[in-house]
Each structure stands twice: as C-alpha cells, then as structure tokens.
Amino acid sequence: MGSEILWFLAVLALITAGESKKSVGGTCHPNDLKGLRSFKAGIHSDDSGRINKWIGNSCCEWDGISCNNITGRVTQINLPGFITTDDAPLQAYMYGSISPSITLLSNLEVVDLSGLVGLTGKIPSSIGFHLPGLRKLSLWGNHIEGPLPESIGKLSKLEELCLNENSLSGFLPANLGNLKALRRLDLHSNRFSGAIPESIAKLTSLESLSLQNNLLTGDIPGKIGDLQALKELDLSNNSLTGKIPSSITKLKAVSIIYLNDNQLVGEIPTFLGPDQMPCLGFLRLNNNRLTGRIPYSFGHLSSLQRVSLANNELEGPIPSSLGDLRSLTELYLNGNKLSGRLPSSTSLLSQLIMLTLSNNMIEGPLPHQMASLRNLQMLDLSFNRLNLSTIPKWLLKLPSLSRIYLADCKIQGELPEDLRATPSALQELDLSANHLSGKIPEWIGSLTELYSLNLSVNFLAGEIPSSVTKLASLGVLDLHSNKLSGSLQRVFQVESRFTTGRSLASLDLSDNNFTSGIEQIGMGSQLEIQHINLSHNFIEGRLPDSIGRLETMKSLDLSCNNLDSALPPLLANASSLETLKLRKNHFTGKIPSEFLKLRKLKELDLSDNFLEGKIPFGRPLINFPRGSYSGNKGLWCTSGSL
C-alpha cells in the first residue's frame, strides 16, 4: 500500500511539473498581459533594452518578470535602475509614466521600479484594493508625484514601502497603522506635509522608519516607543514641533535616531538606566530648540558612537558622565549655552575623533588630561570663554590632530612655531578673532598639507611671505581684517603651483592695506576659484582681461579700492558670477554690453565710480535697483538719468 501511494505522488509531481512548465512557457494570463502591455506603452525610452524585449504573449519569459510556477500569474516586476552587467554596475534610465493598469496584475507580490530617474506618474489610487498580496513596493529615486493613496492601508502583507526621493505630496494616510507586516517604511525626500499619523505607532514589526526631508509638522507621536522592533528612526529636516516623547527611551532595539533640523522644544528625555536603548549608536538632535541640561544619565548610553546636540539652547555644565561613553567617536555640542569647565573625564574618550564645542560659554583652563586623546583628529573650541593666552603645548602634540579651530580664544603674540612640527600634518587651522600680532612667518610654507587657513580679525602686519606659494593643497585662505600690506602677487601665484588637482576655492583678503598685484588675477593654471573678496584695501591699477578666465567664480568683491580704467568686457566670460561688487573705485567708460551674458548674476553694485553712457538694456542688468548704479554722474538708463 505504501509503495502505491509513493507511485501516485510521483506521477502527480510529474503532472504538476508539466503543467507548471506549460503555464510558465505558455500564454500569459489576459489581465497580466494587458497590464504589462499598458505599462510598456507608457514608457517611451528604456536605454537598458529590457522592455524592448517584451514581445509575444509569454510574459513569464520577459526580462524583469517572474511568475508563480503553478498558477502562471505574474508575481514580480523587477526593473530597478541599478543593474549589473558583466559584474559591473550600470545606471539604467527609463522615461515615461507608470500606467494605472499595473493593478490588473492582481497576484503581484513585488514591484521594484526604483532608481529609474525618468519615471513619472502617480501611484494608482486603487492599489490597495487590487494588489492584496503585495509584499514590496519600491519606487524610490524617480519622479513620482501626487498623494500616497488612502488604499495603501489595505496592503496587509506589505513588508517594504520605499517611495523616497520622489515628488510625492499631501498628508500621510491615517491608516498606515494597518500595515502590521511592514518592516521598512522609507518616504524621505518628498513633499509630504501635515502631521505624522498617531497610528504609525501600531507598526510593531517596523525596523526602519525614514521620513526625513519632508514638510511634516506637528508632534512626534507620543507612543513612538511602542515600536519595539525599530532599529532606525530618521525624522530629520522637517518642521516638527513639541517635545521629544519620553516613550522614545523604550526603543531598546534602535541603533539610529535622527531628529535634527526640526523645531522640537523642551528638554532631552531622561535616560533612566544602562539597560535603556542599549543598542543606540547614532543620535542627532541638532538644529532644534531643545532646552535644559544634558542629563547625567546620558552617560548610560554605552553604545553611542556619534552624537550631535548642536545648535540648540542647552545650558549648564557638560556632565562628567559623558566620559563613560567609551565607544564615542564624534561629539558635536556646538551652538548651545553650555558653561563651566570641560570635564576631565573627557580624556577617557579614547576613541574620540571629532570634538566640537564652539559657540558656547565654556571656561578655561582646558584639562591637561586631554593629552591622552591619541585618536583625536579635529578639535573646535572656538568662541567660548577659554582665555587661553597661548595654545597649550600638549594640544599641539596630540598625535592624530590635523584640524584645529581656536577662534576667539584670546591667544596672543606671534604665531607659535610649534605649529610647524605637529605630529600629524595640519590640514585646517583657524586662529581667527584672536590677538595675534607680528608677521605671518616664512615657515608657514612648510605646512604643505594645509587646505584651510583662517587668520582673520587679528593684528598681523607686513607682507604675505613668499613661502605661501608652496601651499599646494590650499583651498581656503582667509586673512581679512588685519594690517597686511604690499602686493597680492604671491597669493595669486599659489594657484599656478598646484599639483594636487585642487585649486584655491575661496580667498578673503578684505580690510587690509594691500596696494598692488591685481594684474595677476586669473593668471594661474588652476582656475577653479569660486569666491574672491579684496574689498576695503588700497589696490591700484586696472582690472586685467585675464579675470575672465575665472569661469567658476561665483562672487567677486573689489569694493572700496583705487582701481581705475574701463571695465573689461572679458569679465563677462566669468559666466558663473552671482555676486559682483565694484563700488567706490575709479572705473571709467561704459558698462560693457557683454555683461548681459552674466545670466546667473543676482547681486550687482557698480555705484560710486565714474561710469558713463547708457546701461545696456536687458536681463540681468535691468533687474537691479537704481542703487546698484548710483553715484556715477554720467550713467543713464532707458527711462532717463540716474
């Protein structure tokens, strides 16, 4: 009897296999065929060629289509924009719109049309009624618009909903909480508005919730802590208000919380003990309006690696318990009202790489125990109440430190020579708004890895040393508001010595006593500079034609100098210009008609010169107020003299 049953099952398996093969290789179900053909008709360009191969009636054999082996019904549409050919990644483009007829494929379980860039249209309003078995809907990185349909709440089997980076708008449906199987909800970078529905707290299977970069308002749902499976929470870059719910401390599985860039108020929820949120590794609460103190219990979050509480209204001392965060690599507390001394327990953060405490009311002295922070790469203590007088020698001996920001720390005297012998080559140095005096030393040229140098708002005098031309990695140079004098020639020669593939991007030498060297502008071999400010000096000479070579320059301010001669027409070749300020010089002649080519120009000031003639008519020159041209007695426009 047993052998007969086995024989019967074997025959049945062969029959089923034959039927499966027949179903898969045969004609597609009429509804599936109609839905796929309608989808194909809505696509007018597919550079991957996948849809072009959709020929005949055997849709289960088409690229990107999968079917059930028994029923023959289409269960998956997999046409993502990122595909792999010959083991190499390829970005595919598909232009057209999603046909609402896609809902005819009633057995669909997976729809992945992500990253196709040119795909438009709306999510069919009836999607929840016709695709009851849908487990994954991925349309991210397209140009889908319109609302998220109310019927989406009918998709009880949905596990992944990824609609991020589109143009979706409207309110989030209140019935999102019905999606009990949902593990991932990603709607970031759209235009959703209104409140986050309270029902979202019912998604008890949810592991990842990403709603950042929208227009959401209102409070964070009070029961957010009910999402016990949640590992990632990102609500940043919205307009959320109210307090951070205390229930958030119940999220024991969560490793990422980003609530930054909102308008949240109140105090940081108190973390009651070491067992709460034991997995939390990344926390961003920056750019809100949080008040009160950093709770002492913050130190119980032993898994924290990156923390940003920057740009809030936090006050009081930094709790010594932060020293218990032994896994911490990045700590951003800048832009608050924190006071008192930096706790010596900071020295216990042996993994710390980034420490930013600028714009607070921290007092000195700095704890010498910080000399043990061997992994520290960036330290920003600017704009506090430190009164350092000199840079601590132990600070300049930290083995990994390459980015130092000590603006407004009351540092006096000449630039300390210890800066030239730091164990790690300096990449960024900001000693602005101090009391530095003397000359910029010749040894500055030995800092060959330096990318950003800010010595502005000090009392430095003399000429810029010739060694500055050796700073082949220099991208930002800010020396404004000093007493520097002489020629600009050496600064512009920095550009011509680049071998690193980078170029000086920003130059600010305003409010000094420079007199010459303007003829060198635009003469370097690397012409990628974007911002130049040489205003409020005593620079003489003519503006050379070579300035037109600076095609990437966005802003140029030469106001309040002694420049003369005509405005060079070739300046119009600097087609990226958005800001042009030339007021209070001695420019003569007419405004070149070529300036009409400066289509990106948003701010213009040619006032208080000796310009004459008719202002060229047309955009962008007609967009600016009369004040942009005032103080030029011979200048007139179509409507009359100025």
Worksheet item: What are the residues in the range 534-567 that are at pLDDT 95 or above, in a loop (DSSP other than H, G, I, E, B) and closer than 16 Å to Glu519 by Cβ, if any?
Response: Leu534, Asn537, Phe538, Ile539, Leu558, Asn561, Leu567
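Out of Ile444, Ile464, Ile521, which single residue is out of contact with any His (no Cβ under 8 Å at 6 or more places or on another chain), crowded, with 16+ Cβ neighbours inside 10 Å and under 19 Å from Leu580 (Cβ atoms)?
Among Ile444, Ile464, Ile521, only Ile521 is out of contact with any His (no Cβ under 8 Å at 6 or more places or on another chain), crowded, with 16+ Cβ neighbours inside 10 Å and under 19 Å from Leu580 (Cβ atoms).
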Worksheet item: What number of residues within the range 240-255 are in contact with a Lys or Arg (Cβ under 7 Å, 6 or more places away or on another chain) and crowded, with 18+ Cβ neighbours inside 10 Å?
Response: 2
Worksheet entry | Test: residue in the range 305-312 that is under 27 Å from Leu215 (Cα atoms), out of contact with any Leu (no Cβ under 9 Å at 6 or more places or on another chain) and either free of Cβ contacts under 8 Å to residues at least 60 places away in the same chain or of a type in the set (Val, Ile, Thr) (or both) | yes
Worksheet entry | Enumeration of residues in the range 538-570 that are crowded, with 21+ Cβ neighbours inside 10 Å and farther than 20 Å from Asp508 by Cβ | Leu567
Practice prompt. Mind listing just one residue for me: the one in the range 88-118 that is surrounded by fewer than 18 Cβ atoms within 10 Å (Cβ to Cβ) and in contact with a helix residue (DSSP H, G or I) (Cβ under 6 Å, 6 or more places away or on another chain) and, of those, nearest to Val74 (Cα to Cα)?
Written response: Ser106
Response to the item:
(1) assigned to a loop (DSSP other than H, G, I, E, B); (2) β-branched (Val, Ile, Thr); (3) within 26 Å of Ser452 (Cα to Cα); (4) modelled with pLDDT of 95 or more all hold for Ile591 apart from (3)
Discussion item. Against the definition (touching a Pro at 6+ places or on another chain (Cβ under 7 Å) and within 18 Å of Ser320 (Cβ to Cβ)), how does Ser339 come out, yes or no?
Written reply: yes
Discussion item. Looking at Leu304, Leu280, can you tell me which residue is over 19 Å from the mean Cα position of the chain (by Cα), farther than 19 Å from Pro245 by Cβ and assigned to a loop (DSSP other than H, G, I, E, B)?
Written reply: Leu304
Worksheet item: Any chance the range 49-63 includes a residue that's in contact with a strand residue (DSSP E or B) (Cβ under 7 Å, 6 or more places away or on another chain), within 23 Å of Glu159 (Cα to Cα) and at pLDDT below 95?
Response: no
Worksheet, complete the sentence: Residue pairs qualifying under the 6 Å Cβ cut-off, at least six apart or on distinct chains, with the first in the range 107-119 being more than 16 Å from Leu131 (Cα to Cα) and touching a residue at least 24 places away in the same chain (Cβ under 8 Å) and the second being assigned to a loop (DSSP other than H, G, I, E, B) and of a type in the set (Phe, Trp, Tyr), are Ser114/Trp140; Val117/Tyr93; Gly118/Tyr93
Worksheet entry | Sole residue being buried (at least 21 other Cβ atoms within 10 Å of the Cβ) and not hydrophobic (A, V, I, L, M, F, W, C), chosen from Gly81, Gly56, Gly121, Gly64 | Gly81
Discussion item. So the check is Cβ under 9 Å with 6+ separation or different chains; which pairs have a first residue in the range 234-249 that's in contact (Cβ under 8 Å) with a residue 24 or more places away in the chain and small (Gly, Ala, Ser) and a second one that's assigned to a helix (DSSP H, G or I) and buried (at least 21 other Cβ atoms within 10 Å of the Cβ)?
Written reply: Ser247/Ile224
Practice prompt. Show the residue pairs that are 6+ apart or on different chains and have beta-carbon atoms under 6 Å apart, the first residue being within the range 424-447 and farther than 26 Å from Asn384 by Cβ, the second being part of a strand (DSSP E or B).
Written response: Lys439/Gly462
Fill in: Top-ranked residue of the range 256-281 - restricted to ones that are surrounded by fewer than 16 Cβ atoms within 10 Å (Cβ to Cβ) and of a type in the set (A, V, I, L, M), ranked as farthest from Leu352 (Cα to Cα)
Val265
Worksheet item: If you take the residues of the range 507-528 that are under 21 Å from Leu567 (Cβ atoms) and part of a loop (DSSP other than H, G, I, E, B), which of them is modelled with the highest pLDDT?
Response: Ser510
Response to the item:
Counting only residues in the range 319-328 that are free of Cβ contacts under 8 Å to residues at least 40 places away in the same chain and not in a helix (DSSP H, G or I), the one farthest from Gln305 (Cα to Cα) is identified as Pro319
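Looking only at the range 606-632, which residues are acidic (Asp, Glu) and within 15 Å of Ser559 (Cβ to Cβ)?
Taking the range 606-632 as the starting set, the residues that turn out to be acidic (Asp, Glu) are 608, 612.
Of everything in the range 606-632, just one residue is acidic (Asp, Glu) and within 15 Å of Ser559 (Cβ to Cβ), namely Asp608.
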Discussion item. Cβ contacts < 7 Å: first residue part of a helix (DSSP H, G or I), restricted to the range 455-480; second residue of a type in the set (Lys, Arg), any location; separation 6+ or different chain. Result?
Written reply: Ser466/Arg490; Val468/Arg490; Thr469/Arg490; Thr469/Arg497
Worksheet entry | Index of the failed condition, Gly323 passing every other in (1) in contact with a strand residue (DSSP E or B) (Cβ under 9 Å, 6 or more places away or on another chain); (2) surrounded by fewer than 20 Cβ atoms within 10 Å (Cβ to Cβ); (3) closer than 20 Å to Gln377 by Cβ | (1)
Worksheet, complete the sentence: Restricting attention to the range 531-570, the residues that are touching a helix residue (DSSP H, G or I) at 6+ places or on another chain (Cβ under 7 Å), more than 23 Å from Leu479 (Cβ to Cβ) and of a type in the set (Gly, Ala, Ser) number exactly 1
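Have a look at Ser151, Ser48 and point out the one that is at negative phi, of a type in the set (Ser, Thr, Tyr) and not in a helix (DSSP H, G or I). Explain how you work it out, then say what you get.
Values: Ser151 fails: not in a helix (DSSP H, G or I).
Only one candidate passes the filter, namely Ser48.
Could you check the range 154-206 for strands (runs of 3 or more DSSP E) lying wholly inside it with 1 or more residues that are in contact (Cβ under 8 Å) with a residue 24 or more places away in the chain and farther than 28 Å from Gly118 by Cα? Break it down stepwise before answering.
Values: elements: 160-162, 167-171, 184-186, 191-195.
Counting at least 1 such residues, we get 191-195.
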Worksheet item: In the set Ser138, Ser156, which member is surrounded by fewer than 16 Cβ atoms within 10 Å (Cβ to Cβ), within 14 Å of Glu109 (Cβ to Cβ) and either small (Gly, Ala, Ser) or at pLDDT below 95 (or both)?
Response: Ser156
Worksheet, complete the sentence: Within the range 354-369, of all residues that are hydrophobic (A, V, I, L, M, F, W, C) and either modelled with pLDDT under 95 or crowded, with 21+ Cβ neighbours inside 10 Å (or both), the one farthest from Ser400 (Cα to Cα) is Ile362
Worksheet entry | Count - residues of the range 578-624 that are more than 21 Å from Gln530 (Cβ to Cβ), among the hydrophobic types (A, V, I, L, M, F, W, C) and touching a helix residue (DSSP H, G or I) at 6+ places or on another chain (Cβ under 9 Å) | 6
Practice prompt. Search the range 483-498 for residues being modelled with pLDDT of 90 or more and buried (at least 22 other Cβ atoms within 10 Å of the Cβ), and hand back the single one that is farthest from Leu431 (Cα to Cα).
Written response: Leu488
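The values are calculated or read from the model by the stated rules, or taken from the named source; none is laboratory data. Quick caveat: nothing in here was measured; it's all calculated off a predicted structure. Neighbour counts are summed over all protein chains in view; Cβ atoms, including those assigned to glycine, are modelled from backbone coordinates with ideal geometry.
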